[in-house]
Each structure stands twice: as structure tokens, then as C-alpha cells.
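The values are calculated or read from the model by the stated rules, or taken from the named source; none is laboratory data. Please read all numbers here as calculations on a predicted model, not as lab measurements. Cβ: placed from backbone, ideal geometry, glycine included. Neighbour counts: every protein chain shown.
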Amino acid sequence: MTDATASHTPQPGQGSETAKSSLFTVSPRTRRRNASERRFKAYGITAILLGLLFLCFLVYSILSKGLPAFTRTVAEVELTLTQAQIDEAESTLLKTGAYRDLMIAELGEVLGDVEPEAIQRIVGNPGAMLRNFYTANPDAIGTTVAFELPTASRVDGYFKGRITREGQANSTFLTPSDLDLADRMQEEGIIKREFNWQFLTGAEASDDNPVAAGIGVSVVGSFYMMFVVLALSLPIGVAASIYLEEFAPKNRFTDLIEVNISNLAAVPSIVFGILGLAFFIQFAGLPRSAPLVGGLVLTLMTLPTIIISTRASLRAVPPSIRDAALGVGASKMQSVFHHVLPLALPGILTGTIIGLAQALGETAPLLLIGMVGFVALRYPDTIASGFLDSNSAMPAQIYTWAARADQIFYEKAWGGIIVLLVFLLTMNIIAVILRRRFERRW
Amino acid sequence: MPNLWILIIIGVVAVMGFVGARQRALSSGQGDIRNLHSLPSFYGTNAMLAGLIPSLVVLALWTAFQPLVIQSSVTHIIEADQELSDGQLSLAMTDVRRIATGLELAIESGRLDLDEVMDMRADVTDVRPLLGEMGVAVGSDVTPRDLDAAQRFVAMAQTGNLLKTVLVIALSVLGTAFAFVRTSAVFRARIAVERVTMALLIAAASIAILTTVGIVLSMIVNTVEFFRLYPATDFFFGTRWNGTSQLGVLPLLWGTLYISVIALIVAVPIGLFAAIYLSEYASPAVRSFAKPALEVLAGIPTIVYGLFALLTVGPFLLRVFGSGGTFGVDWMSGATAVITAGVVMGIMLIPFVSSLSDDIINAVPQAMRDGSLGLGATPSETIKQVVMPAALPGIVGAILLAASRAIGETMIVVLGAGAAARLSMNPFEAMTTVTTRIVSQLTGDADFTSAQALVAFALGMTLFVITLALNVFALYIVRKYREQYD
């Protein structure tokens, strides 16, 4: 079809002034057109490849920077403390410091001739952990206990490649000779890497002890919020969609609702944060940083998504189902609740899960209701108090880490993103499976 | 009585109402459901709803408004002797609330009873150690005024809770009883239940309106408050922003628009060409792989893009354009810059543009393509001269929607764009946006009465109006276009 060159149709008897056209020779014009066709197609392929490249780049940078957060470097020490040593440590002013010195002395004996300061720079500040252990287990005094204590964050960074030998040349926090010592300790099996459970179960930690920071508590906060979102937005969203799709007359009031829903779906999420701050916190006096408030704000944000997808799946149920139900004497309400709704349920659930996944990753409104900068140090005491106790949420926790200065917190932030994405991926896979298994084509 | 117990009692009454009314209907129809107007369960549901709905509504409203009433009443006591500024007042109220919490704890634990608490006098008893015992730390000694207010607080809360319990339970019992008495074979229970259900459905649908009203009200009230403290002309036409005394919106709008334009420059060509290729050229196999893969980009939370901008793209651009970089040009001095945020936001918007355009291109009738191809046009000529002109209004609408997303995007610019407000053309400089400033003015311990905090609401209002206008305009264009081919 591309070879048709209309202007070159030869006229009989006119001689050969114009170039003779043939199906076997390609005219320059055709060649031009074909070239432009190929170019255009190449633009399209380039665009898609660029998109996929960005995706790969993003995934690569998340995995390469985040996976180290799931391991940690520990130093293994066997300590035998006597009651006298404990008493002496307890009597000093800096009790945890005294415990640390005991441990350093022990390590010094194992390693031979090294200065205690170097060991201290490598092991960091494990004193509090030691002291807590001996306070909790007084029986252990006098016996030999093997401890696995996380090393200082710089040593951790060195073994993970975050910190290079050249970068530490002038550092007083960790000198190159310390790195030699750390290498030696690794060869001797004192320092090793292990899976970092504390990252998955732990709480936010202060700047002094970045290796201990974990995402566990904020996962719990996120769960509380998702519970609120699910409990409110599913019933309200389904009820609203049923009304709009099945019962609503065409009048000004329902038009107003329609316009509102489509506009709310496009309102920037931070505006919902402002609403939450002004209405739930300023006006209604609910506490800041509470998962309940976060859940309420995210509910308002998720509702339009759920309503739109629920309406689509209600619309997909053929009218014949309704007519059949009405024909055997069901009321309009019964036909909807007994026949249409169950058939639309898989679609509704899929939409709800996708809406929840969106809400789970949303950060901006949480910044405004105070879930950032708050240090969630422990799990809520009871299940009920978890709704109103201050807590963080996964994305807010990631943001907090990203805003910190220490490099190790960046690693934690990327690691947190992996955890968040695992949750999102699971939810989306569930949604896809639901859709594949239960969705009916009419 | 705590709300949980009230809820349990209401629930028990409702279940009893359901069973009772159902039984009564059956016996009134001589045990044969053909004699009844509705199915027996409708009679039960009717009684249940009659008890549940009024009591739950009252419970919710009472719980929401009791603190407000108490607050205003206690404020009078504090303000009786002297006028306080809003800040001082809120400090004093916090103190009073802490004392009241301590007193309530004391009553709950049986340490004191209500009369003892009411008889307490600040000059006679030392309240502070008592509160400390209850785990409530008070900063300074308790003044008589504060104790007075706290006692009033406790007294009102106690009476209020008692009244609430009585009223709610009475409503639940009375409602159920009323429905129970009305239950008989001729009572049209199904009609009644369906009417209530319909009312609930309408109420649920109206929440969308309430949300919009809530958004607009919460911003208008605070914006008006802000304009009383800070002149509106300075806000709208001021060219300087420092977050405290100079609050001109123009540099922020400039940063927002600049970043959005860069984002669109990245996203529109890539998204559009991807959509064209996927809808016009791609084989089903390629399409079924590439389309979901691109849409993964849309499902990634914006905080991830923010971190990507701050820690990956920013440093990368700095290595290329910074001092001693690949090009040997010294254009960029920090990782956070307009271009960093713009590029990353563009990546985020690619799937947005591509899937919207894809839908619109697919909506162009096949007959138009067939006609063009039949006349001898190449596929690309068909797309450029037939499909695109037909789809253009829709695509413009899609781009406007993408622009509104870009303008309202927060996390990428908070992490990637920097914090300096400036009116500059250089894309390698850090600039700040409306959303970034909203976050920074309102995080931390914001005092809602100062211009510094209130300006965030004016910014939010500006943002809301701009995105709303863009959306309405985009939807108008899309809708107008659809009418041509349907």
C-alpha cells in the first residue's frame, strides 16, 4: 500500500518525461515516506524502552541500596563477669560505659596487643545491652555468656561497601588502622554478618544508635491505619456506589455528588492532609500522630477510588439479572442486595485492595498530621490503645530516615522501601488473583 | 461507663429486638408466613434498626461534642480574671487538661471519690504529688485557678458521661420497644426497612459532598484568618518568601510551575509515543507485557520516587553537571534541584500520560483508520494526520490532568527540589514549591494562630483552586471530545 504514488500515474502517449513508475523500483518519495514510517515506529519503541529502562533502574537502585539493610555486622564476644566486676561497674557514674570497658578489655585479651580506643571505635556502644542483660538475668553472673553485639555503624558500612578505606583516611571516628583491625577480627571470626531481624521487628532509634533502628513499630502503625481505612471506606464506598449506580434519580443533587466524587479523586493528597489537620486535630481535638486520624484522612482519600471501581463492577452486572429478580417478585432493594451485589463482589474487592495499596504508600497527608519526626520507640501496650497512641507509619518512617544526616539511615530508608513494596506487591497480586479467579465475563 | 460497654448493651438490645419482633410477627400471623406482609426477618431488622440508629447517632454526636462544650465552659473560668492571648490560653488549657486527667485517674483507681476531688483546694492540699502518683507530671505547682477549672472539667465530664449513658441506652430500648409494639401481620416492615436502607445509602453518597465542604471550609476559615494577619496583596504579589515575615507566593508558584513543566517535557513525549506504539503497532504479546510493566511505575508510592530523586538521580546529575563533572561544567552545586525533581516527577507521570492517551487513541473509531489506510497512507501518516487530530482534545485533557498531578505532587519535591525560594531561570538551582512549603510550615509544633502556620492554609487553598480548575477544564475537554464519536 505504501508504493502507491498518485501523482506519477503515466499518461499514455505522453512520452517518458516523468520518471517511469514501477512496482519494482522504489521512488525517492516512497523511500522518504517509508523512512519516516520507520523513524516514527522507532520513536515509539524508544519511548517504551526508556520507560522500561527507568523501571529497571529504579528497581535496581532500590534493591542494591536496600538489601544491605537486611544484614548487620556483629561482633561475637564471650564474657565472664564476676559479681565484683558488676558491682564495680554499677558504682561508677557512667554505668553503661563501665560495662563497655569490661567488654573491650575482654576483646583486648583475645586480640592481643591493640589499643582499647581502637576496639571501642569498632564495637561502638554496646554497654546498655550488656547491662540490660545482666540486670534481667542475674544468674548469668559468673558464667560464660556468648554475646553477639552489633558493631559501630561505620564498621557496618565498611563491610557493606558503604564506607571506603580512602574515605576514612583522615577520619578520627574510624582510622585506616582500625579498618585493618576490623579485617583481622573478621578473619578470626569475631566479626561476622548475619540476618538483621531487628530491622524487621525493631523500633526507630536515636542518632547515637543507628544500627538498632527498625521498621517493625511503624508497620504496626500502618496496619492500624489500614484497618481504619478498610472498616470505613469499604462499607461507605459500596453503599455510595449502590445508591449512585442503582437508585439515584437524575437530578441536581446526584449530579452534585457525581461532580464531587470525580473532583475529589484528583485533589492533591496534601490537601487531604490539610483537611485532617484542620478538622480532625484542630476542630475535633483528636490527638496528633494517632493512627486513627491517619486512617480517617486516608479513608476520605481512598473513598473516590473505591467508589469509582465499585460502580464499574456494578455496571458490569447485566440488566437481565436485575430483571429476572424483579420478575420473580423481589423488590428493587432485594434484587440489588441479593443478586447484583454478590455478583459484583470480586470486582469490588479488587478495587478495594488497590485503593488500600494506594493508601498504604501515601505519605504527604501523614506529614501534616504529625506522623513525622515522632520517634515511635515501642509497640502499643494494648490492641485498643494502638488507635490513639502516637505512632508512625511505614512511608512516614522512611521519610524520617531519608531526612536524617547519617548515611546508615539512608540504607534503612531503602530497606524500608523494600518492606513497603513487598506489602504493596502482595496486595496487588492478591487483587490480580481475585480478578482472574472470580471475575465473570457476561 | 466507657463507650465500649454502651455499644455492647446497645448491641444486646438490638439482637433481642430482632429475635423478639420476628417472633411476634410470626405469632401474629398464626405461624404461617403467608399471612404476613413481609418476610419475618424484615420485622426483626426493623426493630433492630429502630433501636440501633438513633442511639448510635446520639452516641457519636455526644462523644464528638462533649469535649467542645466542656472546653468552652472551662475557658470562661480561665479567662474570668484576665484576658489571655490564644497561645497563653492553649497553654493554660493543656495544663488544666493534664490536671483533670490526673484527677480522673485518681477517681478511677479508687484513691479519691468525686466529692473529695470537688472539695480539694489548691492552697490547702498539695495536688502535685497526688498527680505524680497517678503518673501525670505537672510542670509547676497547681494554681487555684487551674484546679478550679480542672474540677469543673472533671465534674462536667462525669455528668456528661452519665447523661450520655442514660440517654443512649434509653433511646435504644425505647426505639426497639416502639418497633416491637408496632409489629403485626399487617405492618409493612419491608417498606420501612427499605426506606431506612435507602436513607443510609444516600447518607453514604453524601459523604463526598461533606468531604469537599470540609476541605473548602477548613481552608477558607484559616485563609481568612491569615489575611487578617497578613495583607492579601503581599501574599499574592509578593516576590519574596522566607517563611516568617515575607510570605509572597510568587516564588513558590514559579518553582511549582517550573518543575511541572520539566516533568511534562519528560513525560509527555515518552508517554505519548509509548501509547501510540502500544495501541497502533505493538503485537498482543508485546502489549500484554509492556503495558502492565509501565503501569508498575504508577503503582510505586511517591515516597520511593522522592528517595530516588534525593539519593540516586540527584547525585547522578551532580556528577554530570556539577563541578569536576563529566561535562566539565560547573552548573550544579547540590543534588536537590529543579531538574532532579522535574525528571523524577516526569518518570512518575509517564504511565499516567500513556494509559490515559492509550484509552483515548483506542476510542478513535477503527473506520477512520481503515479509510486512511485504504487511501494509501502509511500507518504513521494515518496516526499523524487522522488519529491524532481526532484524539487531540482528549490528549490535551490527559496532559492537563498530568499537569494537575505534577502541581499537587508533594513527596518528590519535598525530598528532591530543595528549600530555597527564588525566582530564577536556572534549572540546576534548588527551588521550592507550594506543596513543600505547606509541609514545612505545618510540621512540628505548629501554633495555629501565627501567620507562619496559617499561610499554609492559604497555600493549600491556592493549590486546591489551581488543581480543581485544571481538572474541571480537562474533564470538560475530554467530555466534549467524546460526544463527537459516540
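At-a-glance table
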item	result
Output for the stretch B:179-209, where each listed residue is touching a Lys or Arg at 6+ places or on another chain (Cβ under 9 Å) and within 11 Å of chain A (Cβ to nearest Cβ)	B:Glu194
Failed item, numbered, when B:Glu194 is tested on (1) more than 29 Å from B:Thr336 (Cβ to Cβ); (2) acidic (Asp, Glu); (3) modelled with pLDDT under 90	(3)
Single match in A:Met427, A:Met394 (criterion: buried (at least 24 other Cβ atoms within 10 Å of the Cβ) and either at pLDDT below 75 or in contact with a helix residue (DSSP H, G or I) (Cβ under 7 Å, 6 or more places away or on another chain) (or both))	A:Met394
Some residue of the stretch A:108-115 being assigned to a loop (DSSP other than H, G, I, E, B), surrounded by 14 or more Cβ atoms within 10 Å (Cβ to Cβ) and hydrophobic (A, V, I, L, M, F, W, C)	yes
Test result for A:Gly237, assigned by TED's automatic domain parsing to the domain that holds A:Gly370, on the phi > 0 side of the Ramachandran plot and under 30 Å from the mean Cα position of the chain (by Cα)	no
Selection within the stretch B:399-443 - over 15 Å from A:Leu368 (Cα atoms), touching a residue at least 60 places away in the same chain (Cβ under 8 Å) and either facing chain A (nearest Cβ under 9 Å) or among the β-branched types (Val, Ile, Thr) (or both)	B:Ile399, B:Leu401, B:Ser404, B:Ile407, B:Ile412, B:Val413, B:Leu415, B:Thr432, B:Thr433
Among the residues listed as B:Leu167, B:Leu147, B:Leu171, B:Leu162, the single one being surrounded by 16 or more Cβ atoms within 10 Å (Cβ to Cβ) and closer than 22 Å to B:Leu61 by Cβ	B:Leu171
Which numbered condition A:Pro268 misses (of (1) more than 8 Å from every other protein chain (Cβ to nearest Cβ); (2) within 22 Å of the chain's Cα centre (by Cα); (3) of a type outside the set (A, V, I, L, M))	(1)
Single unsatisfied condition, A:Leu388 versus (1) at pLDDT below 85; (2) crowded, with 20+ Cβ neighbours inside 10 Å	(2)
Residue check, A:Ser218 under 25 Å from the mean Cα position of the chain (by Cα), among the polar types (S, T, N, Q), in a loop (DSSP other than H, G, I, E, B) and within 30 Å of A:Ala396 (Cβ to Cβ)	no
Single residue of A:Tyr158, A:Tyr134 found to be buried (at least 16 other Cβ atoms within 10 Å of the Cβ) and under 24 Å from A:Gly112 (Cα atoms)	A:Tyr158
Residue within the stretch B:227-234 that is buried (at least 19 other Cβ atoms within 10 Å of the Cβ), of a type outside the set (Gly, Ala, Ser) and part of a helix (DSSP H, G or I) present	no
Elements of type helices (runs of 4 or more DSSP H) contained in the stretch B:260-361, each with 3 or more residues being within 12 Å of chain A (Cβ to nearest Cβ) and closer than 30 Å to B:Glu381 by Cα	B:284-299
Test: residue in the stretch B:238-251 that is in a helix (DSSP H, G or I) and either β-branched (Val, Ile, Thr) or surrounded by 15 or more Cβ atoms within 10 Å (Cβ to Cβ) (or both)	yes
Search result, residues across the stretch A:245-255 that are more than 7 Å from chain B (Cβ to nearest Cβ) and assigned to a helix (DSSP H, G or I)	A:Glu245, A:Glu246, A:Arg252, A:Phe253, A:Thr254, A:Asp255
Leading residue by the ranking (surrounded by the fewest Cβ atoms within 10 Å (Cβ to Cβ)) among those in the stretch A:281-315 that are facing chain B (nearest Cβ under 10 Å) and at pLDDT 85 or above	A:Pro304
Flag if A:Thr299 is touching a helix residue (DSSP H, G or I) at 6+ places or on another chain (Cβ under 6 Å), on the phi < 0 side of the Ramachandran plot and among the polar types (S, T, N, Q)	yes
Conditions (1) more than 11 Å from chain B (Cβ to nearest Cβ); (2) among the charged types (D, E, K, R); (3) part of a helix (DSSP H, G or I); number of the one not met by A:Glu258	(1)
Test: residue in the stretch B:36-57 that is closer than 10 Å to B:Ala185 by Cα, of a type outside the set (Lys, Arg), out of contact with any strand residue (DSSP E or B) (no Cβ under 6 Å at 6 or more places or on another chain) and modelled with pLDDT of 90 or more	yes
Scope the stretch B:439-455; condition in a helix (DSSP H, G or I) and either at pLDDT 90 or above or within 12 Å of B:Leu229 (Cβ to Cβ) (or both); matching residues	B:Ala451, B:Gln452, B:Ala453, B:Leu454, B:Val455
Of the criteria (1) within 14 Å of chain B (Cβ to nearest Cβ); (2) in a loop (DSSP other than H, G, I, E, B), which one A:Gly142 fails	(1)
Single condition B:Trp254 does not satisfy, out of (1) over 30 Å from B:Ser424 (Cα atoms); (2) of a type in the set (A, V, I, L, M, F, W, C); (3) buried (at least 19 other Cβ atoms within 10 Å of the Cβ)	(1)
Among residues of the stretch B:27-72, those that are in contact with a Gly (Cβ under 6 Å, 6 or more places away or on another chain) and outside any helix (DSSP H, G or I), counted	1
Residue that is surrounded by the fewest Cβ atoms within 10 Å (Cβ to Cβ), among those in the stretch B:269-302 that are closer than 18 Å to B:Gly342 by Cβ and not small (Gly, Ala, Ser)	B:Pro269
Filter pass, A:Ala136 being over 39 Å from the mean Cα position of the chain (by Cα), over 20 Å from A:Val211 (Cβ atoms) and aliphatic (A, V, I, L, M)	no
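Residue by residue, here is whether (1) surrounded by 22 or more Cβ atoms within 10 Å (Cβ to Cβ); (2) aliphatic (A, V, I, L, M); (3) in a helix (DSSP H, G or I) holds:
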position: B:Ser372; (1), (2), (3): no, no, yes
position: B:Gln385; (1), (2), (3): no, no, yes
position: B:Ala391; (1), (2), (3): yes, yes, yes
position: B:Ile412; (1), (2), (3): yes, yes, yes
position: B:Ala420; (1), (2), (3): no, yes, no
